[in-house]
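Every read-out reported here was derived from the displayed coordinates using simple, explicitly stated rules and does not represent laboratory data. Since the structure is predicted, the reported quantities are computational estimates derived from the model, not experimental observations. Glycine also receives a Cβ, built like all others from the backbone with ideal geometry; neighbour counts cover every protein chain displayed.
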Amino acid sequence: MAQAVIQNLPLFVRLSGRPVILLGEGEAADAKRRLLDRAGADVVGEAATAALAIVAIDDEDEALAAVARLKARGILVNAVDRSALCDFTLPAIVDRAPVLIAIGTSGVSAGLAAALRQRLEALIPADLGKLALALQAARGTLRKRWPDMGERRRALATAMGAGGMLDPLSPTHDVDAWLAPTAKLSAKRDVAITLVLLSDDPEDLTLRQARALASADRVYHGADVPAAILDRARADAARLCAAMPANPGTGLSVEVEMAR
């Protein structure tokens, strides 16, 4: 099965005090200006020096000419309603500062991104940002409790799992209670699980297999396992090509090492 190509790498760009060119008038331009103002950007005109630009011009010829001029200067451009011309897109945002959840469709469907944002708004607790700030404040305590980074990450994964003391989707979080000396804390142990693959199509993964890949710290795989399946693992999970036991069905199998 051919691997889908991801055309965009999601990034969070710090724009506070930095110039961003905005061209155009009307509702679309006003909406982009509000986003830029919210991010603290310095909204400037075309003549200014900037790394990013947004073109929200209705007239097609005028918009194309503006995009061409800006790109000729090496400026990354977002052209509103013209996804083929965009060097970057602006996602729909769920704001739980400092936690930001961005939803993008590579400019294909702003309506879909908006619908997903609305659904997530109802699921994500309003005070999730407080959990992030509390964890930041507790970094010193966390390092003392678990000096090893791997153990620390696993302890956090345990606490923030479904039903855990710091479950991000829970309406309440108490980091101090979690780290209290009397609290029973544990970092999950590493276990290895062999996944026998049904096919080379990632859509054929069972729910258990998909969850195991998403939770894995290390993935051992044969050379013939498609990248599309390995991509279901975390981006920071180690991928190690190794001899794997034969699978009588497809011949494909993967071993994942994870905390449990």
- request: Highest first, please rank the peptides 47-57, 15-25 by the mean number of other Cβ atoms sitting within 10 Å of their residues.
  value: 47-57, 15-25
- request: As a check on your grasp of the helix formula, calculate [θ] at 222 nm for the chain: sum -39500 (n - 2.57) over DSSP H runs of n ≥ 4, divide by the residue count, round to the nearest 500.
  value: -9500 deg cm²/dmol
- request: Place a label point 7 angstrom from the Cα of Val108 along the Cα-to-Cβ direction, then list the residues of the stretch 230-252 whose backbone nitrogen is under 13 Å away.
  value: none
task: Return the label of the correct value of Cα Rg over 2.2 N^0.38 Å, as calculated from the structure shown, out of (i) 1.19; (ii) 1.27; (iii) 1.01.
output: (ii)
task: Take the alpha-carbon centre of the stretch 81-97, take the same for the stretch 222-251, and report the distance between them in whole Å.
output: 33 Å
Total charge dipole magnitude, the chain, about the Cα centre, Cβ charges on Lys, Arg, Asp, Glu only, Debye to nearest 20: 1440 debye
query: Using Cα pairs under 8 angstrom and six or more residues apart, how large is the relative contact order of the stretch 22-176, in percent?
result: 13 percent
message: With angles folded into 0 to 90 degrees, how steeply does helix 149-159 sit against the dominant principal axis of the chain? Use alpha carbons for both and round to 10.
response: 90 degrees
task: Compute the long axis of helix 27-38 from its Cα atoms, compare it with the longest principal axis of the Cα atoms of the chain, and write down the angle in degrees, 0 to 90, nearest 10.
output: 60 degrees
- prompt: Taking the stretch 1-148 as the region of interest, what is the percent of Cα-Cα pairs per 5 angstrom bin, listed from the shortest bin to the one with the maximum distance?
  reply: 2, 8, 14, 17, 18, 13, 10, 8, 5, 3, 1, 0, 0
- prompt: Per-residue HN-Hα couplings for the stretch 111-116, Karplus 6.51 cos²θ - 1.76 cosθ + 1.60 at θ = phi - 60°, whole Hz, x for Gly and Pro?
  reply: x, 5, 4, 5, 5, 5
query: How far is helix 128-137 tilted, in degrees, relative to the longest principal axis of the Cα atoms in the chain, given as a value from 0 to 90 rounded to the nearest 10?
result: 70 degrees
statement: Plugging the Cβ-Cβ distance of Asp30 and Gln7 into 1/(1 + (r/R0)^6) at R0 = 25 Å yields, to the nearest 0.05, a FRET efficiency of 0.35
